[in-house]
Amino acid sequence: MENKRLYDIIQDYLTNGKKSEDFVGQLIEELCGGTCEKSTTNEDKLKHIDIWWNSPKKGRLGIDVKGIKKNNRKDKEADDSIHWIEIQGVTGYKGWIFGEMDYIAFMTRKQVLFVKPCDLYGNILWNIAGKELVYKCPKECYVPYQRWGRKDIVVKVPTEDIECIAQFKLDYSLS
């Protein structure tokens, strides 16, 4: 029963934004050293930096943490086999992928994948080339999607592709 409770706690961290940020910060400190601190509200909104990592080897690094999301809004469970990437925000301005972070930390159920935004964006551009924008949530990956009546544009990317371009990974387990 205790493992079930621990599993529920970790699931909550993975899918709840602020808790995910705390979890990643603690994991970084424990496995990589240095210290982590929360960004300011303006840094979060304008630069898309959730936490600052004072790395013992690389200095101060900005990290945007992405928890596990649903594949489709109607799904009951979150799906760590995909991640949604925002190319254009709901206001019509550049999406979070163009933030000033050094790394985007993607959560999965077993690890955190640290990716440089420029590597991710290059991968997305390559894979969406020639594809039309759609207004219905696509089942396939790498299809630019815009919610009807909104200005945002997002792209679903397979986690395995993110894992291939990750600069480093931090593993954790439920035991």
* **Per residue accessible area in Å² of the chain, where ligands, DNA and RNA are left out and the probe is 1.4 Å** => 58 Å²
* Structure fact -> Note: the chain, point scatterers on Cα, Debye, no solvent; log10 I/I(0) at q = 0.15, 0.19 Å⁻¹ equals -0.87, -1.35
* **With every protein chain in place, the chain: carbon and sulfur % of accessible area (1.4 Å)** => 51 percent
* To do: List the lysines whose Cα lies under 24 Å from the Cα of Lys151, skipping any in the same chain that are fewer than 8 positions away.
  => Lys45, Lys47, Lys66, Lys69, Lys70, Lys74, Lys94, Lys131, Lys136, Lys139
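The values are calculated or read from the model by the stated rules, or taken from the named source; none is laboratory data. No experiment lies behind these values; they were computed from the predicted model shown. With ligands, DNA and RNA removed, areas are computed over all heavy atoms of the protein, side chains included. Shrake-Rupley method; radii C 1.70, N 1.55, O 1.52, S 1.80 Å.
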